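Asker: Dropping a structure here in structure tokens format, bear with me for questions.
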Amino acid sequence: MSTDAKQQHITVLGSTGSIGTNTLDVIARHPVRFQVFALTGATQVDLMLRQCAQFKPRFAVMVHALAAQQLQDKLKAEGLSTVVLRGSSALDDVCSHPDVDAVMAAIVGAAGLSPCLAAARAGKRLLLANKEALVVGAEVFLEAVQQGGATLLPIDSEHSAIFQSLPEDVTTWDARVEKIILTASGGPFRTRAIETLKDVTPEQACAHPNWVMGRKISVDSATMMNKALEVIEARYLFGLQPERLEVVIHPQSIIHSMVQYRDMSVVAQLGTPDMRVPIAYGLSWPQRMASGAQALDFHALSAMTFETLDDHGHPERFAGIHLAWEALRGPRGTTAVLNAANEIAVAAFLERRIRFDQIHDVNQSCMVHLSPAAPHTLDDLLVLDAQARAVAEDAVRLLAK
């Protein structure tokens, strides 16, 4: 970075989660290049306090009032000047503030939609780690990006890999690209006996073989619903029709995704499974900078293998992923229904109210029983989200009897 380059001011949504902490690790390696403007969290007061002490943001947002008061008291006791804001509306404020250059959107779930829209409308560089903004918001979100003149950069490792493998000229994607191939590790139960999936515990589902992630996304990886949401996200990020999106199982998680071109050549992005790589790429794009990740050692690399979704003879093992194409074929808003149902189902599983294999049943039931009216505003999306959650809760209660 040249000495006269402008320092970027960053808001990190969800700074106490796994993506947020990795983002701060990357930022800490480049103190001249980046300044943290705001950090946001929900309930982890002590971690937020340590982050404020290290990065000295102008603002810290805690969504829950009690956590905000506790953080404010602790900051005062430490003599730190960070201003504490509270509530979901404050998330929008620290994303759209005129002094903010970029927003890392790492809030899990539909709760991240409103601040993502605020950042998009304000024309920020939006580093999207919250796939729900596109899965739930879809056309509404993309319209906000276009109207605000925002720069949208994917942070999910798979979508970052696709973005890095595509031509720089966006206008040529449709003509030059045959299909996008998303890779999936297959999760911890790729080869587990199908009849034992009903006995999976939350602890087992959260033990991902390659990635260190939060509980919800770990369960999504185990059910492959995470990949279903990524298929939907890829549809809206890259503008290709659903039939030009493919998923292959790649247990080693070395190839993060691929693009197959019209001449049948394939461009892939490889690297160690470390989220700091796509985070650093998003922060520095179109340049590149050190991420802190280890280099890929080809001499020590084990064989790379690939499987179809049904290679182990049981399509029901990854039944949830097929809901992605079903949702994309449905009326506008269907992807939001799927996302809401899945959040309820995963929460119910983690609370031990339903079995692991019943997560798919809840998702499928919700899509069957709720036909959405096309949402055109954030309020429409929130109403649809609430309706879908209510239907999903009913499905959970029936299964829990």
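Asker: For region 287-305, does any single residue satisfy the condition of being of a type in the set (V, I, T) and over 20 Å from I249 (Cα atoms)?
Answerer: No; the residues of region 287-305 include none that is of a type in the set (V, I, T) and over 20 Å from I249 (Cα atoms).
Asker: Return the total of residues in region 12-67 being at negative phi, among the charged types (D, E, K, R) and more than 24 Å from the chain's Cα centre (by Cα).
Answerer: Here the count works out to 4.
Asker: To continue, here is another question. Report yes if some residue within region 306-316 is within 19 Å of G109 (Cα to Cα) and either open to solvent by 30 Å² or more (accessible area, probe 1.4 Å) or at pLDDT 95 or above (or both); otherwise report no.
Answerer: Within region 306-316, not a single residue is within 19 Å of G109 (Cα to Cα) and either open to solvent by 30 Å² or more (accessible area, probe 1.4 Å) or at pLDDT 95 or above (or both).
Asker: Something else about it: For residues that are surrounded by fewer than 16 Cβ atoms within 10 Å (Cβ to Cβ) and polar (S, T, N, Q), scanning just region 4-62, find the one that is nearest to A120 (Cα to Cα).
Answerer: Q7
Asker: Right, next: Among A207, A268, which is over 18 Å from A345 (Cβ atoms), touching a Pro at 6+ places or on another chain (Cβ under 7 Å) and not in a helix (DSSP H, G or I)?
Answerer: From the options A207, A268, the qualifying one is A207.
Asker: Which condition from (1) open to solvent by less than 40 Å² (accessible area, probe 1.4 Å); (2) on the phi < 0 side of the Ramachandran plot is the one that Q70 breaks?
Answerer: (1)
Asker: Next question. Quick one: how many residues across region 121-132 are buried (at least 24 other Cβ atoms within 10 Å of the Cβ) and more than 18 Å from L283 (Cβ to Cβ)?
Answerer: 2
Asker: Could you count how many residues in region 174-197 are of a type in the set (D, E, K, R) and either part of a helix (DSSP H, G or I) or under 17 Å from the mean Cα position of the chain (by Cα) (or both)?
Answerer: Looking only at that region, the number is 3.
Asker: I need the full set of residues from region 324-353 which are surrounded by fewer than 24 Cβ atoms within 10 Å (Cβ to Cβ) and not in a helix (DSSP H, G or I), in order please.
Answerer: Passing the criteria: G330, P331, R332, E351, R352, R353.
Asker: Given D385, D379, D357, which one is part of a helix (DSSP H, G or I) and open to solvent by 70 Å² or more (accessible area, probe 1.4 Å)?
Answerer: After ruling out the rest, the residue left standing is D379.
Asker: Could you please find all residues in region 244-264 being in a loop (DSSP other than H, G, I, E, B), farther than 25 Å from L323 by Cβ and touching a residue at least 24 places away in the same chain (Cβ under 8 Å)?
Answerer: Across region 244-264, the qualifying residues are Q252, I254, R262, M264.
Asker: Moving on. Would you confirm whether any residue within region 361-375 is among the hydrophobic types (A, V, I, L, M, F, W, C), surrounded by fewer than 19 Cβ atoms within 10 Å (Cβ to Cβ) and touching a residue at least 60 places away in the same chain (Cβ under 8 Å)?
Answerer: Scanning region 361-375, I find no residue that is among the hydrophobic types (A, V, I, L, M, F, W, C), surrounded by fewer than 19 Cβ atoms within 10 Å (Cβ to Cβ) and touching a residue at least 60 places away in the same chain (Cβ under 8 Å), so the answer is no.
The values are calculated or read from the model by the stated rules, or taken from the named source; none is laboratory data. Computed from a prediction, not measured in an experiment: that's the story for all the values here. Note that we place each Cβ from the backbone using ideal geometry, even for glycine, and neighbour counts take in every protein chain shown. We work out accessible area using only protein heavy atoms, side chains counted, and drop any ligands, DNA or RNA first. Shrake-Rupley method; radii C 1.70, N 1.55, O 1.52, S 1.80 Å.
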